[in-house]
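This report refers to the structure that appears directly beneath it.
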């Protein structure tokens with residue numbers, strides 16, 4: 001099983017913390033707006049780059065990332081950008 005975005009909760013996050021601005025949300029988690037929009041629309045393009053950025057954002061803001069992600073128990077956290085970039089999903 002792969003991680004999947006909780007689109008409903010992510011949209012609430014964007015609305016509450018970013019005033020509905022997808023570009024600001026994308027910048028905060030380190031992805032481009034197109035990828036953020038696709039994830040928020042139907043969950044596509046949510047790879048390790050998106051999830052890693054979201055996890056880092058949640059840690060900075062002291063939010064529970066489990067609220068925004070459906071994930072299996074064996075997911076490992078990536079701690080450096082080189083590893084993340086080497087394994088990231090890039091939809092663009």
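Readers should treat all values here as calculations from the given coordinates under stated rules, not as data from a laboratory. These numbers were taken from a predicted model, which means no experiment stands behind them. Here Cβ is always computed from backbone atoms with ideal geometry, including for glycine, and neighbour counts include all displayed protein chains.
Data overview
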read-out: Search result, residues across the range 20-70 that are in contact with a strand residue (DSSP E or B) (Cβ under 8 Å, 6 or more places away or on another chain), surrounded by fewer than 16 Cβ atoms within 10 Å (Cβ to Cβ) and part of a loop (DSSP other than H, G, I, E, B); value: 43
read-out: Breaking point among (1) over 11 Å from the mean Cα position of the chain (by Cα); (2) in contact (Cβ under 8 Å) with a residue 24 or more places away in the chain; (3) closer than 15 Å to residue 57 by Cβ, for residue 29; value: (1)
